[in-house]
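Take a look at the structure set out below.
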Amino acid sequence: MMRKVAFWTALVVAVVFAAGTGFAAPPDKPIVLKAAKFKGPVTFEHAKHGKDCAACHHKDKAGAEQKCTKCHSDKTEGKKLSAKEAFHTQCKDCHKRSNKGPYKKCDDCHKK
């Protein structure tokens, strides 16, 4: 009897823990993405960009999203885009498709 109780308790705890990690909250403060020396940084607010984390964090498991620069470095290597290319492709193209937000001028995103 005790073994059954211990088993079910452990199972419930594991399921609750696993479910909680699948719903990790995005950062509540804006993040600042550093750009090239001649461009200003870009401030990005996760809260304003929807709930579909996988749209941008395309290689990460739900709840285990990493910084973009974990995979995207300064230079394109093979099929892996540089951080600049990844941001411009992902962010700028999304803004164009939705016709919302900045995408027409560099200074719309890159504040000096």
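Only the coordinates and a few stated rules stand behind these numbers; no lab work does. Computed from a predicted structure; not experimentally measured. Neighbour counts run over all protein chains shown; Cβ positions are idealised from the backbone, glycine included.
See the values below:
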{"item": "Note, ³J(HN,Hα) from phi for region 97-112, Karplus 6.51, -1.76, 1.60, rounded to Hz, x at Gly and Pro", "result": "4, 8, 6, 10, x, x, 6, 8, 10, 3, 5, 5, 9, 7, 8, 9"}
{"item": "Solvent-free Debye scattering, log10 I(q)/I(0), computed from the Cα coordinates of region 26-109 at q = 0.10, 0.22 Å⁻¹", "result": "-0.25, -1.34"}
{"item": "67, 79, 105, 92 arranged by Cβ crowding within 10 Å, fewest neighbours leading", "result": "79, 105, 67, 92"}
{"item": "Stretchable slack from residue 100 to residue 45, in nm (0.36 nm times residue separation minus alpha-carbon distance)", "result": "18.3 nm"}
{"item": "Charge-dipole axis of region 26-109 as Lys and Arg at +1 and Asp and Glu at -1 on Cβ define it, positive-most pick from 94, 62, 27", "result": "94"}
